[in-house]
Amino acid sequence: MSVAALLLLAARTALGVHAGWAAFADTAPRRCFAVAEPRGQDPERQGRPFASIATWAGGARNQLYLRLSRPRDLKAKVTLSIGDRRFELLSARADAWAPDPATDRAIVAAMRSGRSMSVETLGASGKPFADVYALKGAATAIDAAALNCALGK
């Protein structure tokens, strides 16, 4: 499903679409976020994978959250790659996130100058997979979300 379709289905305030990324705001709890879906069609895809960068009013800022395209092997590491930067993420069965705010900041900084990012791990079947995201529009969507929460709109 495209980001445009996400805009139409979401019960939240749409802040705009910026290339392949969209920005939204929720009122309760107050949070604003940028979100995108991975590129390409994956025949083994399960659910609706996405990447998001969220800002919570009065709380976390630019916090990474990933929904993986399929359940992973719980013994496998999850690695986020942006250009030549690599980040090891914390993860559950089909979700991943940065281990701390400093890593969130480093990831967002890398996203601002990167062209794409990939999330790589092993599936529950033991077969490797990667979810790949284009980063065009990511910085604008992240800034729109953060600004909206800062202004308290």
What is the total of Lys pairs in the chain with C-alpha atoms under 27 Å apart, excluding same-chain pairs fewer than 8 positions apart?
4
So how far apart, in nm, are the two label points at Arg45 and Ala150 if each is 7 Å from Cα heading toward Cβ?
3.3 nm
Given backbone amide H placed at 1.01 Å from N, residues whose amide H is under 5 Å from that of Leu135, ignoring those fewer than 5 places away on the same chain, are Ser116, Met117
Can you list the residues, at least 5 places off or on another chain, whose amide H is less than 5 Å from the amide H of Val78, using H built in the peptide plane?
Leu89
Sorted from fewest to most neighbouring beta carbons within 10 Å, what does the list Trp56, Trp97, Trp21 look like?
Trp56, Trp97, Trp21
Taking 7 Å along the Cα-to-C-beta vector as the label spot, tell me the Ala19-Ser113 distance in nanometres, rounded to one decimal.
1.6 nm
Through the Karplus equation 6.51 cos²θ - 1.76 cosθ + 1.60, θ set to phi - 60°, convert the phi angles of region 77-85 into ³J(HN,Hα) values in whole Hz; use x for Gly and Pro.
6, 10, 10, 9, 10, 9, x, 8, 8
So how much slack lies between Ala102 and Lys75, counting 0.36 nm per residue of separation and subtracting their Cα-Cα distance, in nm?
7.3 nm
Using a simple charge model, +1 on the beta-carbon of Lys and Arg, -1 on the beta-carbon of Asp and Glu, nothing else, what dipole does region 109-153 show about its Cα centre, in debye to the nearest 20?
100 debye
Could you size up the charge dipole of region 3-151 around its Cα centre, putting +1 on the beta carbon of Lys and Arg and -1 on that of Asp and Glu, and report it in debye to the nearest 20?
40 debye
How large is the direction-averaged shadow of the alpha-carbon convex hull of region 59-153, in nm²?
6.4 nm²
With runs of 4+ DSSP H residues as the only contributors, calculate the mean residue ellipticity of the chain at 222 nm using -39,500 (n - 2.57) per run, divided by the residue total and rounded to the nearest 500.
-7000 deg cm²/dmol
Rough spin-label spacing in nm, given labels placed 7 Å along Cα→Cβ, for Thr27 and Arg85:
3.5 nm
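We did not get these values from a lab; they are worked out from the coordinates using the rules stated. Because the structure is a prediction, the values reported are computed rather than measured. Cβ sites come from the backbone with ideal geometry, for glycine too, and all protein chains shown count toward neighbours.
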